[in-house]
Every structure is written in C-alpha cells, then in structure tokens.
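Step one of this worksheet: look at the structure below.
The values are calculated or read from the model by the stated rules, or taken from the named source; none is laboratory data. Everything quoted here is computed from the prediction, not taken from an experiment. Backbone-built Cβ (ideal geometry, glycine too); neighbour counts: all protein chains shown. To get the accessible areas, we keep the full protein, side chains included, count just its heavy atoms, and leave off ligands, DNA and RNA. Shrake-Rupley method; radii C 1.70, N 1.55, O 1.52, S 1.80 Å.
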Amino acid sequence: MTSPASNQGKHPNGAYVFRLYLASGAPNSVRALANLYAICRKHFPDSHRIELIDVLKEPLRALAEAVLVTPTLVKISPEPELQIIGNLSDEEEVLRSLGLPQKDSA
Amino acid sequence: MGAIPRLSCTSKLKTRAGRSCFRRNFTESQMKKVTNHSKHPKKEGGATDKKRPRRLEKIATGIEGFDDITGGGLPLRRTTLFMGGPGCGKTVFALQILVSSAAHHGVPGIFVAFEEDAHLVADNAETFGWDVEKLERKKQLFFVDACMRSDVVKAGAFDLTGLLAALEAKASEIGAKIIVFDAIDVLLSLLDDPAAEARELYRLHEWLKRFELTGIITTKIEDGKPGTAQRYGFMPFMADCAVLLTQRVADRAAVRTARIIKYRGSPHVLNEVPFMIGPAGLEVGSTNGVHPEPQPFKDRVSTGIRSLDTMLRGGLYRGTNALLTGSSGTGKTMLAGAFIEAACRRGERALFISFDENSRDIVRDLASVSIDLAPALESGLLRMVAVRTESASSEEHFMRIKRLIAEQKPRCVAIDPLSALARVGGGLAARAVAERLIYRCRNAGITVLFTSLLEGIDPQLETTTLHVSTIADSWIQLSYALLDGERNRALSIIKSRGSKHSNQLRELIFSDAGITLAEPYTGGGQVFMGALRVEKENGQRTETSRKRREIDGKRREVERMMKERDHQIDAAQRDLRDRCEELDVLTRAEQTSAAESTQRQDGVVRKRDGAAVQKQARSKSNGKPVSAGAKKRAASR
C-alpha cells in the first residue's frame, strides 16, 4: 500500500521515504496518518513517499520488523533510519527528530 | 495443531476462529494436570442435587512451593500480576512458569520482553539449565523483543493495538496458551499519561480475556513502598491474581519473599513466604504444602549408643526427629556421629551436614571414640557436607539441604548444629527454616538428629536458640555436671514423644572403647559422677563389708549360743532322765520291801487265828486257796 509519491529533487538528501505501521480504525492510527500527511504536505510536499502497513492485516510483519506499538513511523530514507512512535500530534518533536527547522511554518 | 488456520493475513482472527482454536488446543495432559480437582458440576437435573462449588481451573507453575501457596498454580485463562522492585525475581518467575509449561506440559507460550533484550532473557534462562533453545526450535516458546530502542522518538499518543494484533497472530501460529508481558511498565511509562496507561492495560487485559490466554504481567514497583505504586495502583485490581515480590536485607542476609495479594476465586496463603533463586530456578519455601501425611513408623532407629537406646526404650521412632542440645564441648557432634555410624552399619543411606566444621575434622574426631565413618563415606552410603554459615542466609541453607536430601536420598540425617542457621538472617527466619526442614524430613520418613547449641552453661536454662524444642519429637539434653572440682558430661532425656523414657541423669563417658553411659549411681537421693562417684562407691563398699563382718560375727555368736543352749538342754534332759530312772528304781525297791512286810504280817495273823482267816479267804476267792498271784497283786499295789 503506497501513498501517492511525488517527484524527488527538492530536498538535498533526496526524497523522504516513510513507512507508517498502523492499526486501521484505531484512533491514534487514524490521527497519525492525518498528521503525517499534513507534515509532509507542509514541509516537503514534493519529495516524500509514504508506505502504509496495516498491522491488523500483516501482524507478523510488524513483529518481524520490531514494531511494537501503533502507530509507528519509520523514516527509511534519508539515512539513518529513524523510528517515531505516537500519533505525531507533537509536530515539533517530529520535525526536530527529522532534523528540520522547527519554527519555519510559523 | 493442523487445525489452526493460517490467519496471519486476515484480521478475522480475533473472532470465532481464534477463540475456538485456543480452547481446543489446550492439550489434554495439561487440562488434566490443572483441572484434576476442578470437575465441572454435573448438570443440575435432580432437585436433590446440591450445587457443588465450582473450583477455579489452574495452571501448575512448576515452581516448587509456589503451587502449594496458590493452591495449585495460577488461574487458567486469566491474568496474573507479579509486582516487585528491582532484583526481586519477577522475570525469573514469569519465565520459569512459561518454560515449565512448555517443557513439561507441552503448552506453548510467548515471552514479551519490554525491558531486557529477549536474547539475554533466553540466555539467562539457559543458566538455569532450561533448554530454551530447543523449546524455541520446537515452536513451544517464542520470545518477542519488545525492548524499545533508545533512539526511538515519541511524538504523541500510541496504543497497543498493533502489538496485540501481532501477538495474536503469533499465538495462533504456535498455539500459545500463556503469554508473559515482562516489565510492561517500561512501555507504558512512555505514554506519560496515567489515563492512557490505564486504558492500554485494560486493553491488554481484555485482549487476554477475549482469547482465553493465561496472562502473566510483571511490573516494577519501587521497593514496595506505598505511594510509588500509585501509578499502577489499579493493576492489582484489574488482575485476577496479584503477587508482590520483595527483597530485603535482614541481619546482613538478603531474603526474597513473595506474597499473594489477591487471588480471585481461590483460597491461598496470605503470608509472606520466602523464596530463593537457586541453580535450577525458583524455589518457594512453603510449609503448608498439601502433602499426604505419612504413616507413622513403628520401628525404632538406634541412636548408636546402646545404653541410650535402652533409655529411650529401644531408640528413636523412625521418621521422627531428635533434638540434641548442649553447650559447646558437651559431645553433641560425637552423638550425632554415633547415630550416623549406626545408620551406615544397618546399610541405610545417611547424610551428615555440619556447619562451620570440616568433614575431615569430624571424621578424625569421631575416630577418637571408635566411630569410623570412613568406609561408609568411601562407599557413598554416607555423604558429609560442611557448610559455611556466613556464606548464605538460612533460606539458602534450607534449599541447599533440601537439594542434598534429594540427591543423597538418606534415611538418617544429622545436622550439626541446626542453630547455626540463625547466625545470618536472624532467628525468626531461621526458625521458620528449621521448622520446614523438620516437617519436610518427617514427611519423607527421614529420621533426623539435629543438634543445637545452647548459649550459656546453665543447664536449667533449657531454651534453644531456635525454639525448636517444641516441634522436636525427642529432646536429649547434654550438660556438664560440675561437682567437687570436676566437670563431667551428663545426658538426660527431656522428652520422647509417644515413648517411655528414662528420667535419669546419666554420666556420658567418651573413651577409646566408644561412647557409653554409666549405669546410674544414686546414693542418698543424689546422682554421683566421676571421682565422687568412685569415692562414694568405694566408701559404700567398705561400709558394706564392715557391716557384713559385723553381721557375720553376730551370727556366729548366736550360733555358738544356740549350740551351747542345745548342750545345756541335752545335759538337763540327761540329768532328768537319770533322775527318773533313779526314781523308778527306788519306787520298785520300795514296793518290793512293802510286799514282803505284808507277807510277814499275814504269817503272824495266820498263826493267831488261822481257821477264821482261811474261811474268809476261801469264800472271797470261790473256794480257791489264796495263791501266789494274789500275793503278787498285793505286792504290785
């Protein structure tokens, strides 16, 4: 399940590739998805790709990939890999961990 | 297990299919094992049928002693909570239950490690000799590494939905019935929101219930202090069974204890019970195991000292215990040695546990009283173990002794001295241990002789450090009798349950010939010992011979007197007889002379008027003339 990917090039490190593990229907997961879309649209609208994994549908995959809680966001690219857990409502924290200027949205 | 559908790709798992397969997959042996006393009541058809209380189904934990205090184990298909501070053994508890179920009952389980690396947990399990690797290979055990990486960023609230879905898939894949969440607090604390934490816990709890899994959750609480547990204070309320584990130091010895805070629908031991993490896993010290009471033995076991056996009317009853008290140097070890030697002579396996004295020293010392333990030691009939008291708490000593007994399988055990248990960890713990040890041996039909050091020298102060004298079946007291500049060993039997025993204080004599008890020597209402005894004995001997001489003298005198008297009597009788004879002779002589004088007179009368007299005489004797017979008659008259 892949979200519409946009073209790459604006970010110096290339496109942001995210993988979001979620439990379809769970409030936190629903919120995380919305928050992730919002952040991507706002900060790197043209250079991101989001892969969604429904843990309820692929439960053993989450276990194999060491994902414990839902929602979990894994930043696959650019390196290094990063795991962010939670519904991403703490935008500041997300941006800081992604190494982006935090107050640029203003 | 082929019936389990591969549901990993569908979310329908959590509905009917999942539930039924969980139920069905419970192996029959496991069900039997855990539900042997939980038969469902028969259908209430007849009005006379009283509804029997339904017993809670339980799952045996495989932890020695723990099944005793929980009355059979943890609640089946319910949630149990283990709480405790660091190093209390929460993880080991959970792990051992899981491994034991998998290994012994073939019940697969999942271990979710939130705090420790799952591999490390598995490795630690291997140190107990549990073959976790094999169980993992056989898909009986599955470790989930739920240890959150340190670089994980938290940005907002999350929940356990995903984790539970994943575990659900795994559980149905391997047919797991038990699932452990180790240190769930680590994950929950990430939420940083008490309400959310509670919500997730309830989610977990409901999930366990829905899939009828036996859940074991462990969580930290800081040192069991009230207040610190507030954060997860609701947890015990949620769980069906909650166990509080603590570790504390009492008199330099660390003691781990477990206490069942609650257990819904099941009676359980309320008290704190000590437990220990031994080389093969956990062992819970419980006294109230529902062990079948052993049939008491009728035969007697020799104490190794014949005269002591006599005092006890044949020795100790088999399967009972004897307490041997006395201050140091009274010879407790010697008596213990004699008891053990006698056991080995009978061909019985024996165990000699000594505290703070080397086995070899004891063997050497015992040789001085002709007790030779060396052959039995060589043949393996006897095992001697020297234990350093400082090395462990009384609880650990107990576990060790228990293991030794299990290994050696002795029929006779000597523990010298039992009071050493109290040296580290305090008397109270030691007393509990001593009691458990005694009960355990009694149940196993082992005859035990344990010595106990008495502090102080006053033999009147007959209290043992452990106060075990009340539970001892026999109590033999060794003491010193201080008399006239001598110290003599003395032995007395204070009690001997169910048997008559001597009430005498006997002198205990150690010599090259062995251990003996001197025959009681009493004189003037006192028991004498040692030199005093010899002196008294000698004194009495002289006195006796003097008296005997005196009596002999008197007897001789009397005899002489009697002889004399006899002589006198004889003489008197002889005299009397003589006199009688004399008298007789005289009488006869006198009569003869009288007759003669009468004849003479007759002659004179006849001469004067012979016709008249002749006539008269003729008519008197019918005409017969007066004959010589008449004359004779007259003479004898």
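Considering only region B:392-411, how many residues are free of Cβ contacts under 8 Å to residues at least 40 places away in the same chain and not in a helix (DSSP H, G or I)?
0
Scan region B:346-370 residue by residue and report those that are touching a residue at least 24 places away in the same chain (Cβ under 8 Å) and within 22 Å of B:Ile509 (Cβ to Cβ).
Scanning region B:346-370 gives B:Ile362, B:Asp365, B:Leu366, B:Ser368, B:Val369, B:Ser370.
Keeping to region B:377-395, report how many residues are open to solvent by less than 10 Å² (accessible area, probe 1.4 Å) and under 22 Å from B:Gly514 (Cα atoms).
1
Does region A:43-57 hold any residues that are within 7 Å of chain B (Cβ to nearest Cβ) and crowded, with 20+ Cβ neighbours inside 10 Å, and which are they?
Scanning region A:43-57 gives A:Val55, A:Leu56.
Please return the ranges of helices (runs of 4 or more DSSP H) entirely within region B:69-183 where 3 or more residues are at pLDDT 90 or above and open to solvent by less than 40 Å² (accessible area, probe 1.4 Å).
Hits in region B:69-183: B:90-105, B:161-174.
Report, by residue number, each residue of region B:121-164 that is more than 11 Å from chain A (Cβ to nearest Cβ) and of a type in the set (Ser, Thr, Tyr).
Passing the criteria: only B:Thr127.
Would you point out which residue out of A:Asp90, A:Asp46 is over 12 Å from the mean Cα position of the chain (by Cα), modelled with pLDDT of 85 or more and either within 18 Å of B:Arg149 (Cβ to Cβ) or among the acidic types (Asp, Glu) (or both)?
A:Asp90
Which residues, counting only those in region B:515-531, are at pLDDT below 75, part of a loop (DSSP other than H, G, I, E, B) and under 19 Å from B:Ile305 (Cβ atoms)?
B:Pro520, B:Tyr521, B:Met529
Given the criteria at the interface with another protein chain (Cβ under 8 Å from one of its Cβ atoms), farther than 16 Å from B:Leu160 by Cα and buried (at least 21 other Cβ atoms within 10 Å of the Cβ), does A:Asn35 qualify?
yes
Considering only residues that are touching a helix residue (DSSP H, G or I) at 6+ places or on another chain (Cβ under 9 Å) and part of a strand (DSSP E or B), which ones fall in region B:304-347?
Listed by number, the residues that qualify are B:Leu316, B:Asn321, B:Ala322, B:Leu323, B:Leu324, B:Thr325, B:Gly326.
Report yes if B:Gly233 is touching a strand residue (DSSP E or B) at 6+ places or on another chain (Cβ under 8 Å) and either at pLDDT below 90 or of a type in the set (D, E, K, R) (or both), otherwise no.
The answer is no for B:Gly233.
Might you let me know whether region B:532-553 holds any residue that is in a helix (DSSP H, G or I), surrounded by 10 or more Cβ atoms within 10 Å (Cβ to Cβ) and touching a Phe, Trp or Tyr at 6+ places or on another chain (Cβ under 6 Å)?
yes
Would you check if B:Phe181 is within 14 Å of chain A (Cβ to nearest Cβ) and out of contact with any Pro (no Cβ under 7 Å at 6 or more places or on another chain)?
Taking the combined requirement at face value, the residue satisfies it.
When region B:165-178 is examined, which residues are found to be touching a Pro at 6+ places or on another chain (Cβ under 6 Å) and within 10 Å of chain A (Cβ to nearest Cβ)?
B:Ala165, B:Ala166, B:Ala169
Given the condition open to solvent by less than 40 Å² (accessible area, probe 1.4 Å), at the interface with chain B (Cβ under 8 Å from one of its Cβ atoms), closer than 21 Å to B:Trp207 by Cβ and under 10 Å from the mean Cα position of the chain (by Cα), answer yes or no: does some residue in region A:64-77 qualify?
yes
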